[in-house]
Amino acid sequence: MAHALWKELGIAGVELQMNSLGQPEERKQHRAALIAYFEAHADQLDAESQRRLHLNPLRLLDSKNPQMQALIEAAPRLMDFQGEKSKAHLDAVLAILQANGVPYVINPRLVRGMDYYNLTVFEFVTTELGSQGTICGGGRYDYLIEEVGGKPAPAVGWAFGVERVLELLKAQEASAPSVAPDAFAIVTDAAALPTVCACLEQLRSKGVAVQLHASLDGSMASMKSQFKRADASGARYALVFGPDELAQGSVTVKALRDAGVAQRTLALADWSDWADTLQSKA
């Protein structure tokens, strides 16, 4: 999914790094080995690493301190503590990536900051943002939901840094695809919002993308200002919920992209009959 997103955004040169954290018992054994190793080299640890050593020694492997990289490189590797099942799971994930043409590299030092992760973890990394090169990270957490009181439910998830992705788009002079709404609602009186929002939700339930300007103080911007926003949004239609329309239980539909399309006044009660006329057929 993330790989497809980069393609959709036109982002290039992003590397997928994969690793496996194994299962809790395997990680426990590795944790003990890490602590023993770094304790034996405590004089080479910076202050932050010394603080983390007994809290979460895996995070020491994340250190960007150049003076510690040789020490980190020689540290015990988690993969060396994993059994056949954990290794087979990673191999199965990699086979799926290969079958779908998603390139990757194995990074045995890749970890996640939270203890609830297990088995597969991954990051998408770029060299164009300096030390902030990770634009997406995630992994598998089979036991998290159970640990917080839910029923056992294996899960996987990821998140990406919106600001970092925007910076990468800027650095690569790429542009995110513009997704214009089908319609933009023009509302002159905040008191009408209950009626307006009910109508917009009904339209959305039919697949119509409708945008409504959000006010900071509860008042509505002028009609002229809202029409400017409607035009800037790229919407094909403006839905005008003025006092006359609301008094009649209707909405005026005004075309914003085609001057040849006549303005229409439609009954709100009949929304299901005209909702699909707002959608782009492109």
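If residue 179 satisfies all but one of (1) within 30 Å of residue 135 (Cβ to Cβ); (2) modelled with pLDDT of 90 or more; (3) out of contact with any Pro (no Cβ under 6 Å at 6 or more places or on another chain), what's the number of the condition it fails? That leaves (2) as the condition not met. Figure legend. Inter-residue proximity from region 55-68: first residues in contact (Cβ under 8 Å) with a residue 40 or more places away in the chain, second residues outside any helix (DSSP H, G or I), beta-carbon distance below 6 Å, spacing 6+ or different chains. Indicated pairs: 58/111; 61/109; 61/111. Can you spot a residue in region 19-37 that is aromatic (Phe, Trp, Tyr) and buried (at least 18 other Cβ atoms within 10 Å of the Cβ)? No, region 19-37 has no match at all. If I filter region 230-256 down to residues being in a strand (DSSP E or B) and of a type in the set (S, T, N, Q), which single residue comes out as farthest from residue 214 (Cα to Cα)? Residue satisfying both the conditions and the ranking: 250.
Of the residues examined, residue 251 is one that is more than 14 Å from residue 279 (Cα to Cα) and out of contact with any Lys or Arg (no Cβ under 7 Å at 6 or more places or on another chain).
Looking only at residues of region 182-194 that are at pLDDT 90 or above and not aromatic (Phe, Trp, Tyr), we find that the one that is farthest from residue 244 (Cα to Cα) is 182. With respect to the conditions (1) surrounded by fewer than 18 Cβ atoms within 10 Å (Cβ to Cβ); (2) in contact (Cβ under 8 Å) with a residue 40 or more places away in the chain; (3) within 24 Å of residue 140 (Cα to Cα), residue 78 lacks only one, and its number is (1).
So how many residues does region 257-272 have that are in contact (Cβ under 8 Å) with a residue 40 or more places away in the chain and outside any helix (DSSP H, G or I)?
Count: 0.
For region 132-145, check the following and say yes or no: at least one residue is outside the structural domain of residue 248 (by TED's automatic domain parsing), out of contact with any helix residue (DSSP H, G or I) (no Cβ under 7 Å at 6 or more places or on another chain), without any contact (Cβ under 8 Å) to a residue 24 or more places away in the chain and more than 24 Å from residue 3 (Cβ to Cβ). Yes; the residues of region 132-145 include at least one that is outside the structural domain of residue 248 (by TED's automatic domain parsing), out of contact with any helix residue (DSSP H, G or I) (no Cβ under 7 Å at 6 or more places or on another chain), without any contact (Cβ under 8 Å) to a residue 24 or more places away in the chain and more than 24 Å from residue 3 (Cβ to Cβ).
Being among the hydrophobic types (A, V, I, L, M, F, W, C), in contact (Cβ under 8 Å) with a residue 12 or more places away in the chain and surrounded by fewer than 12 Cβ atoms within 10 Å (Cβ to Cβ) is true for just one of 159, 209. Which residue is that? Reasoning before the result, please.
Working: 209 fails: surrounded by fewer than 12 Cβ atoms within 10 Å (Cβ to Cβ).
Being among the hydrophobic types (A, V, I, L, M, F, W, C), in contact (Cβ under 8 Å) with a residue 12 or more places away in the chain and surrounded by fewer than 12 Cβ atoms within 10 Å (Cβ to Cβ) holds for just one of 159, 209, which is 159.
Looking at 113, 130, just one residue is under 21 Å from residue 59 (Cβ atoms), over 20 Å from the mean Cα position of the chain (by Cα) and at pLDDT below 90, and that residue is 130. Here residue 120 meets each of (1) touching a residue at least 40 places away in the same chain (Cβ under 8 Å); (2) surrounded by fewer than 16 Cβ atoms within 10 Å (Cβ to Cβ); (3) among the polar types (S, T, N, Q) with one exception, condition (2).
The values are calculated or read from the model by the stated rules, or taken from the named source; none is laboratory data. These figures come from a predicted structure and were not determined experimentally. Cβ coordinates were reconstructed from backbone atoms using ideal geometry, including for glycine residues, and neighbour counts include every protein chain displayed.
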